[in-house]
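Heads up, the thing below is written out as structure tokens.
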Amino acid sequence: MSNTTQEIWKTSRELYINHRSFPPPDEMFEQNYCWLLVLVDECKFCGERERFNLNIHWEFQLFCCWDRLKQHSISYDELKDKVPEILILCLIQIQQPAVLKIRRYLVTNVFSTLAQFYKIEGNLDIN
């Protein structure tokens with residue numbers, strides 16, 4: 001998006017959204033930030049609307065409930081025997097309460113990262 005568009009969204013956010021003092025996370029457009037803060041009001045996967053059951057996962061620009069997030073994610077223990085450790089280090093870990101102590105990754109992110117890796121690996125000339 002253009003800088004002008006970003007400035008328009010930023011100004012609107014600062015004037016009309018209560019949480020205006022917090023800027024969007026790095027690499028997130030103002031429009032997406034406003035969308036998650038104000039307009040999205042249900043789980044992306046199941047449509048759950050009870051706010052106490054929903055969380056914003058900034059790292060994926062995703063608003064969803066924990067039950068569906070578990071269904072759409074994979075734990076480190078499930079992943080470690082299937083994916084090289086060097087690739088696991090490239091994955092974005094789902095941010096969750098520290099008490100859970102389980103590293104989880106969004107399945108779609110795992111697949112896209114693996115696809116990118118194998119595409120690059122296929123183009124490498126190892127001679």
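Condition first: surrounded by fewer than 17 Cβ atoms within 10 Å (Cβ to Cβ) and under 13 Å from the mean Cα position of the chain (by Cα). Can you find one or more residues in the stretch 77-90 that meet it? Steps first, please.
Step one: list which residues in the stretch 77-90 are surrounded by fewer than 17 Cβ atoms within 10 Å (Cβ to Cβ), which gives 77-78, 80-82, 84-87, 89-90.
Then drop every residue that is not under 13 Å from the mean Cα position of the chain (by Cα), which leaves none.
Within the stretch 77-90 (the criterion being surrounded by fewer than 17 Cβ atoms within 10 Å (Cβ to Cβ) and under 13 Å from the mean Cα position of the chain (by Cα)), the answer is no, since none of the residues qualifies.
Identify all residues within the stretch 51-75 that are touching a residue at least 12 places away in the same chain (Cβ under 8 Å) and part of a helix (DSSP H, G or I); write none if there are none.
Here is the first cut: in the stretch 51-75, the ones touching a residue at least 12 places away in the same chain (Cβ under 8 Å) are 53-75.
Within the stretch 51-75, N53, W58, E59, F60, W66, D67, R68, L69, K70, Q71 qualify.
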Exactly one of E27, E78, E48 is among the charged types (D, E, K, R), at pLDDT 90 or above and in a loop (DSSP other than H, G, I, E, B), and that one is E48
Per the filter on the stretch 45-67, residues in contact with a Lys or Arg (Cβ under 8 Å, 6 or more places away or on another chain) and within 21 Å of F111 (Cα to Cα) are F45, L62, F63, C64
Name the one entry in F22, F52, F45 that is surrounded by 14 or more Cβ atoms within 10 Å (Cβ to Cβ) and either closer than 17 Å to I94 by Cα or over 12 Å from the mean Cα position of the chain (by Cα) (or both).
-> F45
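The values are calculated or read from the model by the stated rules, or taken from the named source; none is laboratory data. Here the structure is a predicted model, which means the values were calculated and not measured. Note that we place each Cβ from the backbone using ideal geometry, even for glycine, and neighbour counts take in every protein chain shown.
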